[in-house]
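Working notes for the structure below.
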Amino acid sequence: METSEKVSVNMNIATLSQIDLLIDKGYYSNRSDFINQAVRQALSENRSVIEEAGRQQKSRDYSWFIGASSLDREELIQARESGVKLKIKGYGLLCIDSELDDLALENVEKIDVKGKVICSDRLKKHFNIR
């Protein structure tokens, strides 16, 4: 399963030439290496913002995640037993095994993911997942 995605960015020539110089000097192996390290640094510098957003989201009436998550049989059965349909919201990758389709259709009200959802075409159609 592919857990990375290609992202295209536009940069001005002056910025790109500085990156290329650092690559030629051996600080980075290629442009992707530089960009990945710069993004990780920016995320690290903003960790408190991300953590606060997570705390705020978890207090809502839906299941929230950031990163990678999967919907499992136990969670769906627990939702059915409690009589409360799941609302799933997150940023990243959500996986739902196709053998859980019937349980998911019965016990999930909404799926809202900014990122990628790996599930059956049946669930994609039902929850309007692209």
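FYI, it's all coordinate maths here, none of it is from the lab. This is a predicted model, so every value here is computed, not measured.
So, in Å, what gap is there between the alpha-carbon centers of the range 89-128 and the range 63-84?
Taking the Cα centre of the range 63-84 as reference, the centre of the range 89-128 is 11 Å away.
Would you work out the relative contact order for the chain, in percent, from Cα pairs under 8 angstrom that are 6 or more residues apart?
Values: 128 pairs, mean separation 22.0, N = 130.
With pairs under 8 Å counted, the relative contact order is 17 percent.
Using Cα positions and a limit of under 19 Å, work out the lysines in reach of residue 110, with same-chain residues fewer than 8 apart set aside.
Within the straight-line cut-off, residue 110 pairs with 58, 85, 87, 89, 124, 125.
Can you give the alpha-carbon Rg of the chain over 2.2 N^0.38 Å, where N counts its residues? Intermediate results must be reported in sequence, preceding the final value.
Working: Rg = 19.5 Å, N = 130, 2.2 N^0.38 = 14.0 Å.
Computed over Cα atoms of the chain, the ratio equals 1.39.
What residues have an amide H closer than 5 Å to that of residue 112, excluding those fewer than 5 places away on the same chain, when H is modeled at 1.01 Å from N in the peptide plane?
Residues meeting the amide H criterion: 88, 89, 90.
May I ask you to evaluate 6.51 cos²θ - 1.76 cosθ + 1.60, the Karplus curve with θ = phi - 60°, for each residue of the range 88-94 and list the ³J(HN,Hα) values in order in whole Hz, giving x for glycine and proline?
10, 9, x, 10, x, 10, 10
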